[in-house]
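Participant: So that we are looking at the same thing, I have put the structure below in structure tokens.
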Amino acid sequence: MSCLRNAVFAVSAACVVFSAPGAAIANPADAYGFGARGPGMASALTAGVDDGAANYYNPAALATLPGLSVGLGYQYVSHQLDINGLDQSISSARGAALSFSTPGKVLGRRVALGGGFFIPDNHLTRTRTLSSDHPRFSLYDNRPQRLFIASNIAVEITKRLSLGGGVSFISRPKGGITVAGRVGFPVADDSDLDLNIDVDLLTIRYGQVGALFQATDWLKIGATYRTGFELEIDQAFTIQGNVGPADATPVIEDAYLTLTTVSQDHFQPATFTVGAFAQVTSRLALAFDMAWFQWSKFPNPAAVVTLDYDLKDFNSLFDIPDPPPLPNLNYSDIIVPRIGVEYLAVSSAKTDVMVRGGYSFEASPVPEQVGQTNHIDNDKHTFSMGATYTMKKWSSIVPKPASFDIYFAFTMLSARSHRKLSAVDPIGDYESTGQVFQMGAASRWSF
Amino acid sequence: MRIRQTMMHLLLCAGLVAMTGCGLGLFDERQGGSDQLPTQAVGPYGKPPIDFDTPADEPFVLSDRSASLWNPAAVWREGGGFRIWYGREEVDGVAGESDIWMFGLASITELPDEVETPVLSADASWEQNRVASPSILDRGNGHLIMFYEGGIANPAIGRADSMDGGATWQKHASNPLLTEAFAPGLGELEGAWYLFYESSSRLGVFLADSSDGVSWTSRPDPVITARPQLRDAFDNFAVSAPFPIIERTAGGQLHFGLFFNGEDVDGDVTIGYAGSLDGEVWESFSTEDPVVDAGAPYEFGPTVLRTPSRGVMFFSEARQGRQRISVATHP
């Protein structure tokens, strides 16, 4: 068994080291939680996480897990978000949530490696750029449609204190299409052009660190920090060469036209979270988190399109103005409180049944939309509940406890009115509201 | 014990199968994106292109070889579609003499399913054989209120009520309610009545207020006027034919929207839009452009019906020397 554990640890180490480049992290977990226990407690698990979900909630907790653990689950989120009473058909977010943790010892200290994955089966990732004035629920647009991969390492510093962290990367496309040769004139079909496509997937670093402190036998305190990032899509189309008929002097020699678009595909706010987990009695535990999100750095995601050209003697025929600057969106930083409760309802030699619930309030970082932009968001109240059925010795193959979790959560978006300053605004005033329904199931295995 | 263990295995297998099913996309559903985005439907409006697969003669919804059809007024028809009233002037008749007719339409791609029918004729002396430019207010339960223009040499505005959904009309005993006025555009909100109109003595679009829809007080100054200072504006010569939409918005604001005709110095006439949050200060939708794709020779007399996510505009448009009822949609 020990050999098996060492082998798994070695393989995990290799995965952590080599899998990071190209991985995407950003973030349905931020919106809906990760696994099944966390979402059942409104994600108030920074100090209380006790399984592979630590890869999202607090990597430092990986060092406190007793053995190799694996989690497998499925999460489903359905949105019913309305503007003026009309459902906006926001795509569901759903996929498999996987996690693992492999403990070991280095220089006599507990060290753990872990990984967390959310693999959507709807959109592995989605890129959609809308104009500034296009109405959209900005926090539910591209954010839930992401592949999430986290790889972490944690170290037990003392018996009471653990630290952990991970670095991941998200890829962004940059490149363009170049068409070079001769553009036929006056007969376009006479063109002689070559096509070149050159696109790179560049990486952006994204990191998280966490700390977990066992203050007393019954109280744990945790903190995490995730860096923010902005993901841009940078694309260009260029056509260059001569313009004119074949076998004749070109009408324009060595001309070019380049169309460049730069837009923000995804934004992850920097996040700092502190939390506490109190085992109030042998059966009852309370959890509390307070998270700060730096939404004030949110840039306008609309595309900036620029046109550059050199048509020689014909340049004077064109006067293409610079694109107008994108309006500032003025998002605000927010603090999100979360509270969870967990109760051991049934406990016997062979089975346990745990029930839990939670509540969180997330004020909207988006201001009332009074101008030409229509980034819609509302204050959110989330109520959640869940349960875990644990079998302590159910099979000789799996001698350690195996747990099966389910959860349900309901997020209510408070009705919000947006009153335009202009009487001729094309969209006009509107009211946004909605509900988000979440559910999921997971199993957790210890070896 | 063995039975319990078997049951647990079955339960676990069922769970794993369900998860796998989800992962394979067995529960696929509609994708994101929406055709229900909010709009104030101020524009731009586009005329539907000719479609040989529909019976309609796009962009026209009604034409008549023997008459010009002017200034439609539309309401939603119960059960779907539209009911549209308009002024009808015989091609071979006396110039200016006109009656008001009505037809019904299931959709803008269909031919009328309620045939054209005369509903209001000029039988009062002040009307001088002319009733035209209907503006309809739907009060619900079959109660429609029509304001219309009458008279040729001395135009004025009168009122008629229908309690049967527009089949029959009863002219108001106090007609005409507003003199030296024509081209009415009627609106009502929270007990306050608003009547936009053109004056026969001054240029511009004017506004009169009422608390009962009968006694009207005109505001002294026009609410919108031509903009000769804008050389390329569609309305740099004249404005006319107002059609208002007055509402309390989803944000709780009082909002006046006004579609109207604009004419430039070259004589081209098309449709523009202005808005106001108080009925006093007005703002143009676009600096210089109309809200309808302009097409020769002109679009005239707009009326607009809206849903939360789209707008349908009917207006009169000339072809082959006669005015026809035409349509444009937004978005």
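The values are calculated or read from the model by the stated rules, or taken from the named source; none is laboratory data. The model shown is predicted, which means the values in this text are computed figures rather than measured ones. Positions of Cβ are generated from backbone atoms using ideal geometry, with glycine treated the same way; all protein chains shown enter the neighbour counts.
Participant: How do the helices (runs of 4 or more DSSP H) wholly within the stretch A:22-141 filter down when requiring 2 or more residues that are modelled with pLDDT under 90: which remain?
Facilitator: A:28-32
Participant: Still on this structure, please answer the following. Report the residue count in the stretch B:112-140 for those that are within 20 Å of the chain's Cα centre (by Cα), of a type in the set (Ser, Thr, Tyr) and not in a strand (DSSP E or B).
Facilitator: Qualifying residue count for the region: 0.
Residues are listed down the side, and each one gets a yes or a no for (1) modelled with pLDDT under 85; (2) under 18 Å from the mean Cα position of the chain (by Cα); (3) away from every other protein chain (no Cβ under 14 Å):
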position: B:Leu11; (1), (2), (3): yes, no, no
position: B:Glu29; (1), (2), (3): yes, no, no
position: B:Thr39; (1), (2), (3): no, yes, no
position: B:Val42; (1), (2), (3): no, yes, no
position: B:Lys47; (1), (2), (3): no, yes, yes
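Participant: Here are the criteria: (1) under 21 Å from A:Ala93 (Cα atoms); (2) assigned to a loop (DSSP other than H, G, I, E, B). Tell me which single one A:Lys393 does not satisfy.
Facilitator: A:Lys393 satisfies all of (1) under 21 Å from A:Ala93 (Cα atoms); (2) assigned to a loop (DSSP other than H, G, I, E, B) except (1).
Participant: Considering every residue within the stretch A:410-422, establish whether at least one is more than 11 Å from every other protein chain (Cβ to nearest Cβ), outside any strand (DSSP E or B), farther than 28 Å from B:Gly43 by Cβ and not aliphatic (A, V, I, L, M). Let's see the steps before the verdict.
Facilitator: Filtering the stretch A:410-422 down to residues more than 11 Å from every other protein chain (Cβ to nearest Cβ) leaves A:410-414.
Restricting the remaining residues to those that are outside any strand (DSSP E or B) gives none.
Checked the stretch A:410-422: no residue is more than 11 Å from every other protein chain (Cβ to nearest Cβ), outside any strand (DSSP E or B), farther than 28 Å from B:Gly43 by Cβ and not aliphatic (A, V, I, L, M).
Participant: Within the stretch A:343-362, is even one residue outside any loop (DSSP other than H, G, I, E, B), touching a Lys or Arg at 6+ places or on another chain (Cβ under 8 Å), within 14 Å of chain B (Cβ to nearest Cβ) and surrounded by 18 or more Cβ atoms within 10 Å (Cβ to Cβ)?
Facilitator: Looking through the stretch A:343-362, none of the residues is outside any loop (DSSP other than H, G, I, E, B), touching a Lys or Arg at 6+ places or on another chain (Cβ under 8 Å), within 14 Å of chain B (Cβ to nearest Cβ) and surrounded by 18 or more Cβ atoms within 10 Å (Cβ to Cβ).
Participant: Using beta carbons and a limit of 8 Å, which pairs, at least six apart or on different chains, have the first residue in the stretch A:175-197 and over 16 Å from A:Ala248 (Cα atoms) and in contact (Cβ under 8 Å) with a residue 24 or more places away in the chain and the second one surrounded by fewer than 14 Cβ atoms within 10 Å (Cβ to Cβ) and basic (Lys, Arg)?
Facilitator: From residues that are over 16 Å from A:Ala248 (Cα atoms) and in contact (Cβ under 8 Å) with a residue 24 or more places away in the chain, there are no pairs.
Participant: Between B:Val292, B:Val327, B:Val304, which is in contact (Cβ under 8 Å) with a residue 60 or more places away in the chain and under 26 Å from B:Pro228 (Cα atoms)?
Facilitator: Numbers: B:Val327 fails: under 26 Å from B:Pro228 (Cα atoms); B:Val304 fails: under 26 Å from B:Pro228 (Cα atoms).
Within the list B:Val292, B:Val327, B:Val304, the selection yields B:Val292.
Participant: Which condition breaks for B:Glu247 when tested against (1) assigned to a strand (DSSP E or B); (2) closer than 20 Å to B:Ser133 by Cα; (3) not small (Gly, Ala, Ser)?
Facilitator: Of (1) assigned to a strand (DSSP E or B); (2) closer than 20 Å to B:Ser133 by Cα; (3) not small (Gly, Ala, Ser), only one is false for B:Glu247: (2).
Participant: So, in the stretch B:240-272, how many residues would count as being under 26 Å from B:Tyr148 (Cβ atoms), away from chain A (no Cβ under 14 Å) and not β-branched (Val, Ile, Thr)?
Facilitator: Looking only at that region, the number is 7.
Participant: Filter the stretch A:77-95 for residues that are at the interface with chain B (Cβ under 7 Å from one of its Cβ atoms), under 21 Å from the mean Cα position of the chain (by Cα) and in contact (Cβ under 8 Å) with a residue 24 or more places away in the chain and give the result.
Facilitator: Residues satisfying the conditions are A:Ile90, A:Ser91, A:Ser92, A:Arg94.
Participant: Just to be sure before I move on: is A:Ala154 in contact with a Leu (Cβ under 6 Å, 6 or more places away or on another chain) and either exposed (fewer than 15 other Cβ atoms within 10 Å of the Cβ) or modelled with pLDDT of 85 or more (or both) in the structure I sent? Steps first, answer last, please.
Facilitator: Values: in contact with a Leu (Cβ under 6 Å, 6 or more places away or on another chain): yes; either exposed (fewer than 15 other Cβ atoms within 10 Å of the Cβ) or modelled with pLDDT of 85 or more (or both): yes.
Yes: the conditions hold for A:Ala154.
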